[in-house]
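Enquirer: I have a structure here, written as structure tokens, and I will follow up with some questions on it.
Read-outs throughout are calculated quantities, based only on the coordinates presented, and are distinct from any laboratory measurement. For clarity, every value in this text was computed on a predicted model and none was experimentally measured. Ideal geometry is used to build each Cβ from the backbone, glycine not excepted, and the neighbour counts take in all protein chains shown.
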């Protein structure tokens with residue numbers, strides 16, 4: 001008996017380019033840039049000042065049963081994205097057995113602002129001001145827990161903190177939970193909130209772009225730290241059909257690997273193994289891949305290494321024919337949310353037969369010589385989209401989204 | 001489901017306050033020892049609770065002096081040491097690991113909140129340009145899993161699972177499915193957590209540590225009527241999981257088989273006892289169904305009980321829904337009686353020590369237990385060890401349950417195999 005096939009039937013997005021599937025997808029295709037000087041805290045002690053922050057997000061809109069003011073910002077984004085995804089999938093609370101709904105979320109930092117607040121008091125010696133509920137607000141697993149609390153979901157609840165590849169890890173685990181019959185519906189995604197810890201770290205590594213985020217450009221100078229959340233509704237193709245739900249895409253498979261080489265410097269061998277494993281699991285030939293959503297942070301090393309890895313898996317000739325783009329040029333690097341947002345992008349590329357551009361791509365780099373969909377979105381047949389994500393710790397994750405053939 | 005592969009445990013390794021091997025921890029638990037003492041790692045002068053389960057851990061003794069330990073924080077050091085012992089115990093250290101694509105799934109609540117906070121504090125005090133890049137690399141929650149992969153050359157699937165005190169057990173379940181589904185043949189799984197001032201301070205402020213409320217003397221005795229919180233602790237405990245054919249192919253000894261697992265969530269997040277118990281029952285039922293077993297077939301339990309007034313009661317209520325009256329008869333291992341609440345590491349300890357205790361034929365007791373708390377019908381619990389009847393003709397079936405700190409629940413079902421050479425084990429039997 002063949003294993004169930006897994007469909008994406010709902011998308012919720014909280015990003016620096018706006019909220020919700022329709023707005024975000026439109027702005028990505030139009031090549032808007034959501035990067036601006038940091039507003040949430042003072043960067044005057046840094047020599048870089050750009051950030052990608054979420055604007056005009058009102059958590060009250062999305063919380064119906066719990067108090068948005070009693071949770072951290074990443075959890076607010078996550079509940080917002082979850083609410084939008086369920087609405088998008090036309091799933092109302094009466095339609096499902098809440099005990100059979102799983103939540104799987106990824107993150108880099110959890111609720112970093114809570115540990116920052118802890119430190120503010122700690123450093124100033126005001127220990128008595130440290131929140132009694134620090135331990136209830138800070139640990140990263142609360143993000144998934146708060147989603148389940150808000151919606152009353154009682155199925156598996158899993159938090160996967162695998163840094164900047166966490167969103168893809170969540171997709172992979174959601175896929176496995178459904179295939180194993182452990183849930184009827186999975187909310188899978190990622191969330192992170194803008195953090196001075198993250199900003200300080202990347203600035204200290206010299207990895208933050210001073211002016212523009214220009215993935216794959218010869219003059220690229222770095223990434224831009226960001227924030228946001230994405231949640232995808234996953235269910236079996238059969239269940240989606242039975243309830244007449246439109247399917248954006250089907251998850252074909254995934255690949256996970258570890259470099260075991262360096263904590264912060266990527267190794268193309270590990271990335272290539274993840275892509276290859278994903279192709280094998282999805283039973284897709286490299287020639288069948290229509291689009292790659294790159295990790296594409298905009299740092300000199302990442303983009304060069306990722307290009308190398310793609311060539312290693314696809315071969316030079318095929319690699320040059322596959323459009324590959326980085327939406328991080330527009331929304332920055334949203335950390336644990338990044339590959340979840342990009343999973344939504346891959347699903348939408350398959351559903352709409354359009355791929356978003358890499359903006360600010362002006363000067364070709366001889367070491368990055370693939371087709372990066374420079375500056376203009378494209379309308380092309382998209383049968384298979386591959387989503388790449390790489391993380392500190394040497395963790396690599398590629399997930400394949402493909403057209404659901406028999407609608 | 002018949003196409004799924006069988007998953008076996010071929011090695012176990014740990015670092016703990018009560019020893020650095022499952023055997024020594026078992027001996028110490030059977031003797032009624034605990035691992036709690038005055039905290040040395042950080043200043044406790046201003047704090048109302050000053051004891052915890054801190055390991056006397058000299059990294060060089062475990063990791064050698066030949067390699068640079070400076071990039072590794074305490075969490076990573078504990079996990080690397082446990083991984084080394086697991087690879088030794090399974091015999092995987094002998095095979096060429098790089099070519100085998102061994103994976104690692106680590107359960108951890110915080111990774112290292114100490115590394116994260118220390119990185120931030122230095123930038124706050126000295127300015128962002130003085131922040132330490134090495135510390136930043138360790139500020140991601142998956143840092144210990146990444147550092148362990150680098151240290152041991154583990155190039156297979158590498159993941160970190162959070163979830164508070166159920167992280168380690170949840171990681172074992174996640175890893176089991178990866179092997180079952182053919183994603184990977186060999187994976188180390190379990191948990192690791194360090195003791196540090198940030199988490200200690202946080203739990204103290206929240207009133208969750210024994211002795212942190214109302215000036216009452218600390219009493220972290222699990223399931224006892226007068227328990228008033230847990231003793232925070234640290235450690236790491238891992239199992240090597242392999243596809244059965246991989247293990248057989250290399251002639252590895254099978255210690256146990258993982259038959260199934262299940263997770264569920266209590267949407268009241270621990271606030272309502274009925275909802276908490278229902279979630280435990282739902283997760284446990286899912287694990288039993290996954291294992292193809294009935295509750296009546298379970299011989300042994302390994303429990304999450306840590307001395308929390310609410311948590312221990314919820315666990316007992318949930319298990320009563322699964323096992324009914326028979327709950328009063330099933331022998332229960334409660335490792336946190338001696339090892340404390342080591343958060344992400346706990347599920348690893350609960351699993352490793354159940355397998356070890358069953359194979360050695362005695363389940364340690366709960367020292368200091370005077371009388372069971374209200375709504376806790378765990379009548380097999382007592383202060384001293386409980387000797388198991390001789391092995392029959394089948395493995396012993398155990399259910400391991402871990403309760404999160406705020407709504408999560410995870411269960412894992414194992415079939416524990418008798419020692420291949422029972423004679424020598426009996427000879428070593430602790431008493």
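Enquirer: Counting each DSSP H run of 4 or more residues in the protein assembly as shown as -39500 (n - 2.57), what helix-only mean residue ellipticity at 222 nm follows after dividing by all residues, to the nearest 500 deg cm²/dmol?
Expert: Details: 28 runs with 289 residues, N = 838.
The helix contribution divided over the protein assembly as shown gives -10000 deg cm²/dmol.
Enquirer: Here is a further query. Given segment B:7-428, what percent of its DSSP beta bridges are antiparallel, to the nearest 5?
Expert: Values: 42 of 59 bridges.
Restricted to segment B:7-428, the bridges split so that about 70 percent are antiparallel.
Enquirer: Taking neighbour counts of Cβ atoms within 10 Å as a proxy for exposure, in what order, fewest first, do A:360, A:333 appear?
Expert: Numbers: A:360 23, A:333 30.
Final ranking by Cβ density, sparse to dense: A:360, A:333.
Enquirer: Normalise the Debye intensity by I(0) for chain B, one equal point scatterer per Cα, no solvent, then take log10 at q = 0.07, 0.09, 0.11, 0.12 Å⁻¹ and round to two decimals.
Expert: The Debye formula, applied to the Cα set alone, gives -0.30, -0.50, -0.76, -0.92.
Enquirer: Looking at chain A as a GNM with Cα springs under 10 Å, which of A:134, A:151, A:77 has the largest mean-square fluctuation?
Expert: Of A:134, A:151, A:77, the Gaussian network model singles out A:134 as fluctuating most.
Enquirer: With a cut-off of 15 Å, note down the residues of segment A:258-281 whose backbone N falls inside the zone around a label point 7 Å from the Cα of residue A:367 toward its beta carbon.
Expert: A:265-269
Enquirer: Also: Among A:25, B:391, what is the fewest-to-most ranking by other Cβ atoms within 10 Å? Before the final figure, lay out the partial values.
Expert: On the way: A:25 22, B:391 16.
Placing the least packed residue first, the sequence is B:391, A:25.
Enquirer: Per 10 Å bin from zero, what fraction in whole % of the C-alpha pairs of segment A:6-242 is there, up to the bin with the longest pair?
Expert: Final binned percentages: 8, 31, 34, 20, 7, 1.
Enquirer: Applying 1/(1 + (r/R0)^6) with R0 = 35 Å to the Cβ-Cβ distance of residue A:285 and residue A:32, what FRET efficiency is obtained, to the nearest 0.05? Display every interim value, and only then the final one.
Expert: Details: r = 35 Å, r/R0 = 0.99.
E between residue A:285 and residue A:32, to the nearest 0.05, is 0.50.
Enquirer: Once the Cβ-Cβ distance between residue A:179 and residue A:211 is put in as r, and R0 is 35 Å, what FRET efficiency do you end up with, to the nearest 0.05?
Expert: Details: r = 45 Å, r/R0 = 1.29.
Using R0 = 35 Å, I get an efficiency of 0.20.
Enquirer: Next question, about the same structure. In peptide A:194-207, what is the residue-averaged number of other protein chain Cβ atoms found within 10 Å of each Cβ?
Expert: Values: counts 0, 3, 4, 8, 3, 2, 11, 13, 1, 5, 10, 4, 1, 0.
Mean partner shielding for this stretch: 5.
Enquirer: Sort B:185-192, A:86-93, A:41-48 by the packing proxy (mean of other Cβ within 10 Å over each peptide's residues), most packed first.
Expert: On the way: B:185-192: 31.2, A:86-93: 17.9, A:41-48: 13.8.
Ranked by mean Cβ neighbours within 10 Å, highest first: B:185-192, A:86-93, A:41-48.
Enquirer: For the pair residue B:393 and residue B:125, what calculated FRET efficiency results from E = 1/(1 + (r/R0)^6), where r is the Cβ-Cβ distance and R0 = 56 Å, to the nearest 0.05? Each step should come with its number before you reach the end.
Expert: Details: r = 65 Å, r/R0 = 1.17.
Efficiency computed from Cβ-Cβ geometry: 0.30.
Enquirer: Which whole number gives the average count of other chain Cβ atoms within 10 Å of the Cβ atoms across peptide A:330-340? Mind showing how you got there, number by number?
Expert: Numbers: counts 0, 0, 0, 0, 0, 1, 2, 0, 0, 0, 0.
That works out to 0 on average.
Enquirer: Sticking with this one: Round to a whole angstrom and tell me the spacing of the C-alpha centers of segment B:175-221 and segment A:294-309.
Expert: Distance between centres, Cα-based: 36 Å.
Enquirer: While we're looking at this one, here's another question. How well do other chains shield peptide A:159-171, expressed as the mean number of their Cβ atoms within 10 Å of each residue Cβ? Please report the intermediate quantities before stating the final value.
Expert: Values: counts 10, 9, 15, 10, 8, 2, 3, 5, 0, 0, 6, 0, 0.
That average works out to 5.
Enquirer: For a quick check: sort B:130, A:372 by the number of other beta carbons within 10 angstrom, fewest at the front. The partial results should precede the final answer.
Expert: Working: B:130 10, A:372 25.
By the 10 Å Cβ count, ascending: B:130, A:372.
Enquirer: When the label point is put 7 Å from the Cα of residue A:383 along its Cα-to-beta-carbon vector, which residues of segment A:248-268 have a backbone N closer than 15 Å?
Expert: Counting backbone N atoms under 15 Å from the label point, the list is A:250, A:252.
Enquirer: Enter the per residue convex hull volume of the protein assembly as shown, computed from alpha-carbon coordinates, in Å³ rounded to the nearest integer. Write down the numbers at each step before the final one.
Expert: Details: hull volume 119.6 nm³, N = 838.
For the protein assembly as shown, the hull spanned by Cα atoms encloses 143 Å³ per residue.
Enquirer: Measure out, as a whole number of angstrom, how far apart the alpha-carbon centroids of segment A:234-255 and segment A:42-86 sit.
Expert: 28
Enquirer: To continue, here is another question. For residue B:94 and residue B:296 in one chain, what is 0.36 nm times their gap in residues minus the Cα-Cα distance, to one decimal in nm? Mind showing how you got there, number by number?
Expert: On the way: separation 202, 0.36 × 202 = 72.72 nm, distance 4.02 nm.
My answer for the length gained is 68.7 nm.
Enquirer: While we're here: For a protection proxy built on the mean count of beta-carbon atoms within 10 angstrom, sort A:242-253, A:137-148, A:265-276, B:51-62 highest first, please. Don't jump to the answer; show the numbers that get you there.
Expert: Details: A:242-253: 19.2, A:137-148: 28.9, A:265-276: 22.2, B:51-62: 17.5.
Going from most to least packed, we get A:137-148, A:265-276, A:242-253, B:51-62.
Enquirer: Still on this structure, please answer the following. What is the distance in Å between the Cα centres of segment A:353-389 and segment B:1-32?
Expert: Going from one Cα centre to the other spans 49 Å.
Enquirer: Choose one answer from A:54, A:71, A:224: the residue with the largest mean-square fluctuation in a GNM of chain A with alpha-carbon springs under 10 Å.
Expert: A:71
Enquirer: Among A:117-129, B:338-350, how do they line up by average Cβ neighbours within 10 Å per residue, starting with the highest? Walk me through the numbers before you get to the answer.
Expert: Values: A:117-129: 14.6, B:338-350: 33.1.
My ranking of the peptides, most packed first, is B:338-350, A:117-129.
Enquirer: Pop a pseudo-label 7 angstrom from the Cα along the beta-carbon direction at both residue A:405 and residue B:46 and give the gap in nm to one decimal.
Expert: Placing both labels 7 Å along Cα→Cβ, they lie 6.6 nm apart.
Enquirer: Which one, A:335, A:386, A:263, has the greatest fluctuation when you compute a Gaussian network model over chain A with C-alpha springs under 10 angstrom?
Expert: Per the Cα network of chain A with a 10 Å cutoff, A:263 tops the list.
Enquirer: Label-point separation (nm) for residue A:55 and residue A:40, each offset 7 Å from Cα along Cα-to-Cβ?
Expert: Each label point lies 7 Å from its Cα, and together they span 1.6 nm.
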